[in-house]
2 protein chains.
Amino acid sequence: MARRATAQDVADLAGVSRSSVSLVLNGRGAGNLSEAKQKAIRAAAEQLDYTPNAVALSLRSRRTRTLGVLTWPGACGLPQELLHRALIRAGEHHYLLLVVDTGGDAEVERRQLETLQDRQVDGFLVVAPAMTHYRPSEALTATPTVLLNCVDPDGAVSSVAPDEVQAGRRAAEVLLRHGHRRIGLLVGDPATLQTAQRVSGVRQAVAAAGEIPPELCLAGRDIDDGARAAGDLLRGPGRPTALVCTHERLAVGAALGAAELGLRVPDGLSLVSLEDGEQLTSKLTTVHRPDAAMAEQAVGLLVEQLAGGAPEVRQLLFGCPLQVRASVATPGQRPGDAADPR
Amino acid sequence: MARRATAQDVADLAGVSRSSVSLVLNGRGAGNLSEAKQKAIRAAAEQLDYTPNAVALSLRSRRTRTLGVLTWPGACGLPQELLHRALIRAGEHHYLLLVVDTGGDAEVERRQLETLQDRQVDGFLVVAPAMTHYRPSEALTATPTVLLNCVDPDGAVSSVAPDEVQAGRRAAEVLLRHGHRRIGLLVGDPATLQTAQRVSGVRQAVAAAGEIPPELCLAGRDIDDGARAAGDLLRGPGRPTALVCTHERLAVGAALGAAELGLRVPDGLSLVSLEDGEQLTSKLTTVHRPDAAMAEQAVGLLVEQLAGGAPEVRQLLFGCPLQVRASVATPGQRPGDAADPR
DNA sequence: CTGAAAGCGCTTACAG
DNA sequence: CTGAAAGCGCTTACAG
């Protein structure tokens, strides 16, 4: 790479001092420099294709317009949609992201955090792969930080997270509205807060309808797990007419398991997924976690904080809308979209 | 955040000059400073929890230990596995990544590239979501750059990419070895080089076996597309006994479509996927694109170049190994792993 | 209206 | 053996 032009180069070419170049290029030329010199400077900058060195700018301004992102993989890798949208939104605010994988390990996180602090990042985003509690370390609370898809139980740091309990409730409700009474529940990793909340929501809704809340059936992480679990449930006594799955893969597996028993979705079995955003099929009725909106909100909150805005802690819970597609029907009948606008 | 300690703070505490601090902390103390002063400096640094400001370091050294990453989403979003592994490997070399989404748009890419150059990134990684040709702009070729999952047809820049033709060949070969003669071919986006190469490989292998290469059946991107396409093929004349799918989702859909016709995998239908790394099911026999190894190699190449190593262009093609699982059997028989070691 | 100086935090020759 | 100086590329008071 040919050496980049510096402000000095521009100054030399325009026959002025470095300071003048800076003034003009930062819009403070008017009233400080003659029209002619301003013009000369702009022309020189143009000619040399000059743009300021961001590193030098950072050293001087003590701001890097860089956000440190702490994340780690879940069952299906990094939270890619959240990261992707955060990256886009940050770019719109002229921030760049420095993403590190902590592996979910506190010691690794400590080291990574130090690296990012050495890099003088302006703030931090913590992006969890699945809804969870997250206790920020002191190093983190000392810097503007926003949690995404996780919450600080002590409420010390702002967060943007999905309302997973409500999501579970909505999944059960659409089935109840269609007349289902025997609802099965397939879950992935039962140890996570995400699963616990989703399950709790489902049970709340079922109980509220006066029915006996379903046992949860531990399925696993991939399609085969879903197929196996659904097969077991559908072959067992008190066969459910509908299934809520905490993950999209399980739902797809359930459809496969049902098909192997000669049951079609939704005629023979209704299915609702608390999807994780993979969108494996366009048929599945899901409760949608609004990753795009959440990521944008989180970045917005952080940028606002960095701009010296409101420093109060805000813990935002995003509602998860029901996405009606084609996997829910009245038991023993054909597909039907819930006309119920809720 | 409390003000970070600077080298000056350490010097003051230790009662020496800034230069001495720098010398000692960079391992050049021996022979330059008395033991006592060295000790004092180390103690002071420890006490103040001093680590050098990376921005200042960058300004002086003209190296940022930062890599710019140009990427864009494909049918299933950003190439997350490649990005994830690149990020990890870069970290091991003490590099951090600045990732931007160009949206596959040349004008956006130009702007993003400029931003990254202003940030003084040491080198670039171009990470494509699917194998493709990529012609680097001049700005890119002027800086150390490595392409990942794409190749420069002009061979001006180093690249690490999968051998998709071989992948296609291997998928067909495992089926041929099992005795399949009527092989169907489900493809995603037919306009991509990735698909073209995979299809070409399949056809080569089938032709080499003296059979008539299969027509390709345009399926689409998700599971439903696969189910529909497979259903059509399986209901049509000259029903195939096996299917090659260019994407994992299509293969899962095919299994679903087959199940709906009462056909089980692999007894009634054999399936091989040219997977895209989602690992939706542990049953599917696939040809595996070695994303982890490719990403690590690409980062390695770039880091080597940055360390002043061999500047020759290298265009690496990675073989894609067959991953034998449980979706291939002899036509009309039960599952059987190919004992054939190849 | 304009340029010289100071300073962001570092390291590396260079005098003493 | 040790410290003062220069310089990476910028911007912002501050003299003139």
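Every read-out reported here was derived from the displayed coordinates using simple, explicitly stated rules and does not represent laboratory data. Just so it is clear, the structure is predicted and the values come from calculations on it, not from any experiment. Cβ placement follows ideal geometry from the backbone for every residue including glycine, while neighbour counts extend to all protein chains displayed.
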key: Label-point separation, residue A:28 to residue A:235 (7 Å along Cα→Cβ), nm   = 7.7 nm
inquiry  = How high is the relative contact order of the range A:165-287? Use alpha-carbon pairs under 8 Å, at least six apart in sequence, and give a whole percent.
reply    = 28 percent
remark   = Across 10 Å bins beginning at 0, the whole-percent shares of Cα-Cα pair distances in the range A:165-287 come to 15, 53, 30, 1
task = Set the Förster distance to 30 Å, then compute FRET efficiency between residue B:293 and residue A:107 from the Cβ-Cβ distance, nearest 0.05.
result = 0.65
key: Proximal charge balance of residue B:245 [Cβ under 11 Å; K/R count +1, D/E count -1]   = -2
message = Could you list B:223, B:183, B:88, A:212 so that the one with the fewest beta carbons within 10 Å of its beta carbon is first and the one with the most is last?
response = A:212, B:88, B:183, B:223
ask   = Can you list the equivalent-ellipsoid semi-axes of the range B:7-52, largest first and in whole Å, using the square root of 5 times each Cα gyration tensor eigenvalue?
value = 15, 10, 9
remark   = If labels are modelled 7 Å from Cα along the Cβ direction, residue A:262 lies from its partners in the other copies at nm distances, smallest first, of 0.9
ask   = Listing B:145, B:281 from the residue with the fewest other Cβ atoms within 10 Å to the one with the most, what is the order?
value = B:145, B:281
request  = Sum -39500 (n - 2.57) across every DSSP H segment of at least 4 residues in chain A, then divide by the residue count to get the 222 nm mean residue ellipticity, nearest 500.
outcome  = -12500 deg cm²/dmol
query = Among B:95, B:77, B:176, which residue has its Cα positioned farthest towards the positive end of the charge dipole of the protein assembly as shown, with +1 placed on the Cβ of Lys and Arg, -1 on the Cβ of Asp and Glu, and the dipole taken about the Cα centre?
reply = B:95
key: Modelled FRET efficiency - R0 22 Å, residue A:156 with residue A:191, Cβ distances, 0.05 increments   = 0.35
query = What does the charge dipole of the protein assembly as shown about its Cα centre add up to, to the nearest 20 debye, if the Cβ of each Lys and Arg holds +1 and the Cβ of each Asp and Glu holds -1?
reply = 300 debye
note = Relative contact order in percent for chain B (Cα pairs under 8 Å, 6+ apart) equals 15 percent
message = Cut-off 10 angstrom, C-alpha nodes, Gaussian network model of chain B. Which of B:272, B:287, B:108 fluctuates the most?
response = B:108
remark   = The rounded separation in angstrom of the Cα centers of the range A:246-287 and the range B:240-257 is 17 Å
ask   = For chain A, with only Lys/Arg (+1) and Asp/Glu (-1) charged at the beta-carbon, what is the dipole magnitude about the Cα centre, in debye rounded to 20?
value = 640 debye
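Across all directions of projection, what mean area in square nanometres is found for the Cα convex hull of the range B:72-175?
7.7 nm²
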query = Using the 10 angstrom Cβ neighbour count as an exposure proxy, how do B:180, B:84 rank, fewest first?
reply = B:84, B:180
request  = Find out how many positive minus negative residues lie around residue A:158, taking Lys and Arg as positive, Asp and Glu as negative, among other residues whose Cβ is under 9 Å from that of residue A:158.
outcome  = -1
request  = Add +1 for every Lys or Arg and -1 for every Asp or Glu among the other residues with Cβ under 15 Å from the Cβ of residue A:28, and state the total.
outcome  = +2
ask   = Using a Förster distance of 41 Å, how high is the FRET efficiency between residue A:63 and residue B:39, based on the Cβ-Cβ distance and rounded to 0.05?
value = 0.70
task = Report the one residue of B:216, A:247, A:207 whose Cα lies farthest in the direction of the positive end of the charge dipole of the protein assembly as shown (charges on C-beta: Lys and Arg +1, Asp and Glu -1; origin at the Cα centre).
result = A:247
Expected-Rg normalisation [2.2 N^0.38 Å, Cα atoms] applied to the protein assembly as shown = 1.10
For the range B:8-51 versus the range B:96-129, the gap between their alpha-carbon centres in whole angstrom = 39 Å
inquiry  = If the elastic network links every pair of Cα atoms under 10 Å, which of B:193, B:23, B:67 fluctuates the most in the Gaussian network model of chain B?
reply    = B:23
ask   = Given the convex hull over the Cα atoms of the range A:222-342, what projected area results after averaging over all orientations, in nm²?
value = 9.5 nm²
task = Could you give the size of the charge dipole of the range A:165-287 about its Cα centre, using +1 on the Cβ of each K and R and -1 on the Cβ of each D and E, expressed in debye and rounded to the nearest 20?
result = 420 debye
request  = Return the aspartates and glutamates within reach of residue B:283: Cα separation strictly under 14 angstrom, same-chain partners fewer than 8 residues apart disregarded; answer none if there are no such residues.
outcome  = A:222, A:224, A:225, B:248, B:267, B:275, B:337
request  = Have a look at the DSSP beta bridges in the protein assembly as shown and tell me what percent are antiparallel, nearest 5.
outcome  = 10 percent
key: Label geometry 7 Å along the beta-carbon vector: residue A:36 inter-copy distances in nm   = 6.5
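Taking only the alpha-carbon atoms of the range B:1-133, what semi-axes of the equivalent ellipsoid follow from 5 times the gyration tensor eigenvalues under a square root, in whole Å, largest first?
Taking √(5λ) for each Cα gyration eigenvalue gives 42, 14, 12 Å.
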request  = Would you mind pulling out the separation of the Cα centroids of the range B:294-313 and the range A:149-214, in Å?
outcome  = 48 Å
request  = Would you mind listing how long chain A runs along its three principal axes, going by Cα atoms, in whole Å with the largest first?
outcome  = 89, 40, 37
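Which whole-number percent is the relative contact order of the range B:19-144 (Cα, under 8 Å, 6+ apart)?
27 percent
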remark   = Taking the label point 7 Å from Cα along the Cα-Cβ vector, the copy-to-copy distances for residue A:108, listed from shortest in nm with one decimal, are 3.0
note = Sorting B:86, A:303, B:126 by the position of each Cα along the dipole of the protein assembly as shown (Lys, Arg +1; Asp, Glu -1; all at Cβ), the one nearest the positive end of that ordering is A:303
ask   = Residues in the range A:231-253 near a label at residue A:324, defined as backbone nitrogen under 18 Å from the 7 Å Cα→Cβ point?
value = none
